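Encoded as structure tokens, the structure appears first; notes follow it.
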Amino acid sequence: MLKLGRCVHLLARCTNQTSSFARTLASGGTDITKPFRQIRDGLSWTIPKDLQNSDRPPGEVDVLIIGGGAMGSSIAYFLKAARKAGVSVAVVERDSGYSMSSTVLSVGSIRQQFSTPENIYMSMYSAQFIKNVQEHLQVEGSDPPDLQFNDQGYLFLATKDKEHILHENHIIQKNCGAKVELMTQNQLKKRFPWMNTDNVTLGSYGLENEGWLDPWSLLKSFKEKAIDLGAKYYNAEVTGFNVVDDDAKPIDPTQFAPNGRRLNSVMVSMINSPEVVEVKSSYVVLTAGAWSGQLGKLLGIGTGPKEENLHMPIPVEPRKRYVYFFHCPEGPGLECPLLIDPSGSYVRREGFGGNYLCGKSPNECDEPSCEDLNVNYDFFDTEIWPNLAHRIPVMEKLKVKSAWAGYYDYNCLDQNAIIGSHPAYGNFLMATGFSGHGIQQSPAVGKLVSEKILAGEFQTIDVSKFGFERCITETPVLERCVI
Amino acid sequence: MNLMMQQGRLFVQRTLCKTCGMQMARRCLVTPQTAQVLPWRLNNIQRGYHNIRLETISEVWQQFKKEFKYLKRASANRPLDPKDLNLGLEIGTAIFLIKANARVHFSNGRWYGRQQKGEKKVRLPAEEAVGYTVNAIDASGTLIDQNGFRDVMKLTGVKYLNIEGCPHIDDTCLAHLVHIRDSLTHLNINKCPSVTENGVATLHKLRKLERLNMSDLPKVRYSKLIASMLEDAVPRLRVNIISNLVDTEENRAKENFTEEDLGQTRTESV
């Protein structure tokens, strides 16, 4: 048998092509699944042999995803899960340690209590995905993913003047099928005796599919499963785009129809090296989180003429938010849901040792600067602690153990997602601007963007309301339940 | 190399090759002066067959066993038959549970379902039970998972639920229990291998719960801590790992489950 293998090897060398199967036989049958895995990758036909195992992205790829956080990894996973061998996916992430990524710094909560039906449906889909994550994201040969999903529920509190908003939202949520119950002041007092219900007249408590999870495990599971299915991650940065407008024709900008101009290739510059690789791709998906607005400017979105719908920039910018981790031994314990005060502060239990996480979105005028991720502990003392102590009297005695800061990819227009293609470029898709509720929508967004690429339209949930067109016409889709 | 000429002891280890994962034997010759490791392939591999055929057969058999297990689980959690639901939600769900090898107790005082372990599957005599509600469910050792459980949670009025030893009951199922929070008083989740502490922590939503059995949960860390936190949160709750008599009450309820059984436990708790 060894002799046969050697013959095949010599034959292959004669014809100047070493097929991987022949190599497998010649070396004595080392790994019988390797050629099948290479076929499934989809990239081995396009990458020259000397670049096959390198860190450089290939010259051609089907879908290039900019940004490898929860959104990018989810889109990569869904694309590969739908078409194992037919789509080559490359994810470009410049921060391999994810030190500033919104995904890993987030509190990782999921809720159904929105006021826009599309948001509610996306969260419900994601909750179903997370509950069945072992079937979807288990890589053969490793441990099943454990997302530590705590199904504890959100509790939104409202004072007398904001009561009607909660009522209206409740009707929308019930119509969409979310399991939420309204509680009066007396019911709140009876159910949560540790809470001070002085000026609170109504509470909205989520019964199912609401709670918190570990966002780092979610990202890791998506990334590992996407890599196992054949997507490739590259530690590099996107620094430019090349546009082809041979077929461009003048259009009516109010119709938002693509005019034939397409993105041809993306200039990807390697980290710590002057090398720049030009990657030709059929589709480019922008999921760069807080830095999406900046990257859009490289494409001319925001600096172009109005006739080509390029005058409005992507309205996404980073906003810094603080999260504080404190210990309160006499606190509410197991019963503590993710409590949201009428003032905007939120608090939730973390673990079983009497520890809690809290935070608050500051007012528009007090936004901290986004140059670095340093924490301002005075913000806790002045803005959060008084509200917490007023709402939960036992939390007058607590000790802040640590804190961190992360960026919201804040949509300045209406704090809702931007999902869809850009009107000027037919093959440039965006999934950004989640403004603090990205993690809970990442599985749904992954599914929807993969459908948009593979089938041309959204099939699971119709999120055309969240397209980029509303940014151009400046018609916000306001979300009333923003934390 | 003639090993017979060198003095020393010869060891043979069966290991896996680091590059290809195939089985190989290592001949280690330990002499007083040196320790030599000579990689050598097993007889079969040397001939070029690489044990592929044997491994393929065993892989195929493993795959077959996995598929069969999945099939059994899927058949236990089929959607409810519309024909059974004609007689009412209670009867339809009871038929589903009995097909999945559980026992159901109606408010007419009778248990329906398998009487002993290993008995052939029985049918529910639907005419007897029309108009009564399901009071107690003993689904220990069944293959119910979150899809089937969701159908079971549409019942209202279930007071006693026993899901001891079910391999597919996990945190999402315990979170689904919130739908019967108004009526559930006795819950038994002993020995469920997929339940973690996050699932047990959602049991505080069951405000009427009086007895909880949660011993032998392999994935739950700090179970006594969580049990004491649950006892603080839920009024009138006693958990078997930190209170006495909960296990004997459970055995009594599992056998008989009469209203008197429940009444007795309620007076004892005060």
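For region A:342-361, the set of residues classified as in a loop (DSSP other than H, G, I, E, B), of a type outside the set (S, T, N, Q) and either touching a Gly at 6+ places or on another chain (Cβ under 9 Å) or crowded, with 21+ Cβ neighbours inside 10 Å (or both) consists of A:F352, A:G354, A:K360, listed by residue number.
Taking B:I144 as the residue in question, decide whether it is surrounded by 22 or more Cβ atoms within 10 Å (Cβ to Cβ), part of a loop (DSSP other than H, G, I, E, B) and modelled with pLDDT of 90 or more. So B:I144 fits the description; yes.
Out of A:L188, A:L166, A:L213, A:L219, one residue alone is more than 14 Å from chain B (Cβ to nearest Cβ), farther than 17 Å from A:I120 by Cβ and buried (at least 17 other Cβ atoms within 10 Å of the Cβ). It is A:L219. If you go through region B:73-91 and keep only what is in a loop (DSSP other than H, G, I, E, B) and exposed (fewer than 15 other Cβ atoms within 10 Å of the Cβ), you end up with B:R78, B:P79, B:D81, B:N86.
For B:R207, the conditions (1) farther than 30 Å from A:P145 by Cα; (2) of a type in the set (K, R); (3) part of a helix (DSSP H, G or I) all hold with the exception of (3).
Picking from residues in region A:271-286 that are among the small types (G, A, S) and modelled with pLDDT of 90 or more, the one that is nearest to A:S421 (Cα to Cα) is A:S282. Taking the criterion of being away from chain B (no Cβ under 11 Å) and crowded, with 20+ Cβ neighbours inside 10 Å, the only residue of region A:130-144 that qualifies is A:L137. Has region A:255-264 got at least one residue that is exposed (fewer than 15 other Cβ atoms within 10 Å of the Cβ), of a type outside the set (A, V, I, L, M), over 30 Å from A:L157 (Cβ atoms) and more than 14 Å from every other protein chain (Cβ to nearest Cβ)? Checked against the condition, which is being exposed (fewer than 15 other Cβ atoms within 10 Å of the Cβ), of a type outside the set (A, V, I, L, M), over 30 Å from A:L157 (Cβ atoms) and more than 14 Å from every other protein chain (Cβ to nearest Cβ), region A:255-264 yields at least one hit. Note on region A:455-480: residues that are of a type outside the set (D, E, K, R) and in contact with a helix residue (DSSP H, G or I) (Cβ under 6 Å, 6 or more places away or on another chain) total 6. For the residues A:A389, A:A405, A:A455, the requirement of being of a type in the set (G, A, S), surrounded by fewer than 18 Cβ atoms within 10 Å (Cβ to Cβ) and more than 30 Å from A:R83 (Cα to Cα) singles out A:A389. The set of residues from region A:324-341 being surrounded by fewer than 19 Cβ atoms within 10 Å (Cβ to Cβ) and more than 14 Å from chain B (Cβ to nearest Cβ) comprises A:F325, A:H327. Residue count for region A:269-310, restricted to those that are assigned to a strand (DSSP E or B) and more than 24 Å from A:V104 (Cα to Cα): 9. So if I check each of A:V449, A:V477, A:V445, which one is β-branched (V, I, T), within 24 Å of A:W212 (Cβ to Cβ) and out of contact with any His (no Cβ under 8 Å at 6 or more places or on another chain)? Checking each option against the conditions leaves just A:V445. Filter region B:210-221 down to the residues that are out of contact with any Asp or Glu (no Cβ under 7 Å at 6 or more places or on another chain) and in a loop (DSSP other than H, G, I, E, B), then identify the one that is nearest to the other protein chains (Cβ to nearest Cβ). Filtering region B:210-221 for residues that are out of contact with any Asp or Glu (no Cβ under 7 Å at 6 or more places or on another chain) and in a loop (DSSP other than H, G, I, E, B), the one nearest to the other protein chains (Cβ to nearest Cβ) comes out as B:K219. For region B:85-97, the count of residues that are closer than 12 Å to B:L124 by Cβ and touching a residue at least 60 places away in the same chain (Cβ under 8 Å) is at least one.
Taking the criterion of being under 27 Å from A:E181 (Cβ atoms), surrounded by 19 or more Cβ atoms within 10 Å (Cβ to Cβ), among the β-branched types (V, I, T) and within 14 Å of another protein chain (Cβ to nearest Cβ), would at least one residue in region B:124-140 satisfy it? Among the residues of region B:124-140, not one is under 27 Å from A:E181 (Cβ atoms), surrounded by 19 or more Cβ atoms within 10 Å (Cβ to Cβ), among the β-branched types (V, I, T) and within 14 Å of another protein chain (Cβ to nearest Cβ), which makes the answer no. Scan region B:166-188 for residues that are more than 14 Å from every other protein chain (Cβ to nearest Cβ), under 16 Å from B:V200 (Cβ atoms) and in a loop (DSSP other than H, G, I, E, B) and jot them down. Scanning region B:166-188 gives B:C166, B:L184.
The residue list A:S115, A:S123 contains one member that is in contact (Cβ under 8 Å) with a residue 12 or more places away in the chain, within 23 Å of A:S345 (Cβ to Cβ), of a type in the set (G, A, S) and assigned to a helix (DSSP H, G or I), which is A:S123.
A quick yes/no check of all residues on (1) at pLDDT below 95; (2) in contact with a Phe, Trp or Tyr (Cβ under 9 Å, 6 or more places away or on another chain):
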{"residue": "A:F192", "(1), (2)": "yes, no"}
{"residue": "A:T197", "(1), (2)": "yes, no"}
{"residue": "A:V200", "(1), (2)": "yes, no"}
{"residue": "A:E208", "(1), (2)": "yes, no"}
{"residue": "A:G211", "(1), (2)": "yes, yes"}
{"residue": "A:F222", "(1), (2)": "no, yes"}
{"residue": "A:Y234", "(1), (2)": "yes, no"}
{"residue": "A:G240", "(1), (2)": "yes, no"}
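Among the residues of region B:149-165, those that are away from chain A (no Cβ under 14 Å) and either aromatic (F, W, Y) or on the phi < 0 side of the Ramachandran plot (or both) comprise B:D151, B:V152, B:L155, B:T156, B:V158, B:K159, B:Y160, B:L161, B:N162, B:I163, B:E164.
The values are calculated or read from the model by the stated rules, or taken from the named source; none is laboratory data. As the structure is a prediction and not an experimental result, all values here were calculated from the model. As a convention, Cβ positions derive from the backbone with ideal geometry for all residues, glycine included, and neighbour counts pool all protein chains shown.
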